[in-house]
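Before any comments, here is the structure.
FYI, it's all coordinate maths here, none of it is from the lab. As the structure is a computational prediction, the values presented were derived from the model and not from experiment. Ideal geometry is used to build each Cβ from the backbone, glycine not excepted, and the neighbour counts take in all protein chains shown.
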Amino acid sequence: MTAPLTGITVLDLTHVLAGPFCCGILGDLGAKVIKVERPGTGDDTREFPPFVGGESGYFAALNAGKQSIALDLKAEADRAIFDRLLARADVLLENYRPGVMARLGYGWDDLHARHPRLIYGAVSGFGQTGPESGKPAYDMVVQARGGVMSITGEEGGPPVRVGASIGDIVAGMYLAQGVLAALYDRERTGAGRMVDVAMLDAQIAIQEHSLAITAATGTPPGPTGARHPTITPFSTYRASDGFFVIAAGNDALFARLCTALALPLADDPRFATNAGRCENVHLLKRLIEAVTLGQTAAHWIGVLEAAGVPTGRVQDMAQAMRDPQLLARNMVLPVAARDGGPAFTAAGNPIKMTGLADPTARAPAPALDGDRAAILAWLEASAPSRDAPGR
């Protein structure tokens with residue numbers, strides 16, 4: 001099998017989460033990812049807990065299968081190595097504040113002039129333009145600024161950050177999409193592009209219902225807990241032993257739900273339409289839970305699945321990591337130990353594709369500067385520059 005990005009080389013100058021997450025996607029699709037790190041310290045996440053045998057499980061999960069070389073881009077000898085890497089690279093990704101790379105002589109304008117086929121991807125808190133482009137940002141900042149925290153949590157409660165770092169992760173996904181589009185365009189034009197992704201922009205882009213509600217009504221929605229603000233019933237419900245979810249997203253599914261629960265509500269004018277169900281959402285929840293509290297979650301999941309109503313357990317991560325469906329899809333993978341070091345666990349590749357091998361384990365994450373000799377040997381043995389005439 002040949003992965004779709006086989007032969008593509010990515011220089012990963014990013015750190016922490018958004019950029020490394022993007023590079024992980026490109027690596028899963030077959031790209032060679034060379035992580036260019038700060039000498040001495042490397043990626044900040046090398047110091048993030050939890051630790052096993054003195055090494056970060058966080059770093060290992062995000063950087064499995066990459067290579068590492070430590071370069072000081074202000075030092076002449078290291079800049080010479082970096083210039084050689086640039087001549088071989090297809091993609092450079094960075095997540096410094098706007099202007100940092102330009103001050104080092106490696107901004108988009110400089111690199112595009114020297115390496116016209118190179119694709120340059122930048123992910124930052126606020127983007128490369130705009131009055132606040134130079135400000136620093138973390139996940140929580142953009143979740144707050146982008147409106148996500150205002151709709152997360154329980155009704156009447158304080159703003160809540162989404163538990164997963166969606167400020168970084170979503171930006172990393174959009175960056176990967178932009179890079180893939182630029183690679184496709186390069187096949188037609190022969191020229192690279194710059195891809196500029198802002199974490200704040202990405203938070204706006206993922207809020208389909210909140211934006212639509214606010215634009216249409218002039219009133220921004222508030223938090224609704226687990227409940228969907230425009231679809232009912234679509235929430236968590238109590239059983240005798242805990243919570244499970246019901247997602248009856250249309251009238252036909254609601255009718256099936258009513259039959260399965262022996263609730264004569266499908267033709268009730270208060271609940272016959274989704275609009276009516278949303279208007280009477282709290283009453284409907286009480287009526288449903290008056291039934292579901294009588295049996296276990298497992299019982300009701302079996303009943304609803306037999307009726308074709310979307311439902312599921314509310315699982316913690318330990319339960320999710322044992323879920324037979326996720327295990328069957330190779331979504332929880334061991335990260336191989338490196339040179340007798342500790343073993344870790346990482347998520348699998350959610351992109352399943354014909355001709356793309358679905359691994360059952362991940363290669364180890366690199367030691368800081370651990371691949372310097374191999375990378376330098378690869379440069380010595382490499383083909384001419386990708387920007388040479390005829391390439």
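A few points about this structure:
- Angle in degrees between helix 208-217 and the longest Cα principal axis of the chain, rounded to the nearest 10: 60
- Summarising the label geometry, the points placed 7 Å from Cα in the beta-carbon direction at residue 110 and residue 315 lie 4.9 nm from one another.
- Relative to the longest principal axis of the Cα atoms of the chain, helix 281-292 runs at roughly 80 degrees.
- Three principal axis lengths of the stretch 156-239 [C-alpha, angstrom, descending]: 57, 32, 24
- Taking amide H positions as modeled 1.01 Å from N, with prolines and chain starts lacking one, the residues under 5 Å from residue 35 and 5 or more places away or on another chain are 12, 67, 68, 69.
- On Cα atoms only, tilt of 166-189 relative to the major axis of the chain in degrees: 60
- Averaging Cα coordinates gives a centre for the stretch 28-42 and one for the stretch 138-168; these two points are 30 Å apart.
- Approximating the spin labels as points 7 Å out from Cα along Cα→Cβ, the residue 252-to-residue 177 distance works out to 2.8 nm.
- Dipole-positive endmost among 120, 223, 303 within the chain (Cβ charges, Cα centre): 120
- P(r) weight above 17 Å for the stretch 234-314, C-alpha pairs, percent: 37
- Working from Cα pairs under 8 Å separated by at least six residues, relative contact order for the stretch 234-314 is 44 percent.
- Amide H partners (placed H, <5 Å) of residue 335, local residues excluded: 344, 345, 346, 362
- Based on C-alpha pairs under 8 angstrom that are at least 6 apart in sequence, the chain has a relative contact order of 19 percent.
- Long-range HN-HN contacts of residue 121 with modeled amide H, under 5 Å: 92, 93, 94, 195
- Approximate shape of the chain as ellipsoid semi-axes (Cα gyration tensor, √5λ), whole Å, largest first: 46, 24, 19
- One decimal place: the segment residue 78-residue 299 gains 73.3 nm when fully extended, by the rule 0.36 nm per residue minus the C-alpha distance.
- Short-range pairs are left out: with C-alpha atoms under 8 Å and at least six residues apart, the relative contact order of the stretch 28-177 is 14 percent.
- Here the dipole of the chain is about 340 debye; that uses its Cα centre as origin and unit charges on the Cβ of Lys and Arg (positive) and Asp and Glu (negative).
- Evaluated at q = 0.12, 0.16, 0.21 Å⁻¹: base-10 log I(q)/I(0), Debye formula over Cα of the stretch 207-356: -0.67, -0.96, -1.26
- Ordered from longest to shortest, the equivalent ellipsoid semi-axes for the stretch 2-45 are 22, 11, 6 Å, each the square root of 5 times a Cα gyration tensor eigenvalue.
- The label-point distance for residue 336 and residue 140, in a model that sets each label 7 Å from Cα toward Cβ, rounds to 3.9 nm.
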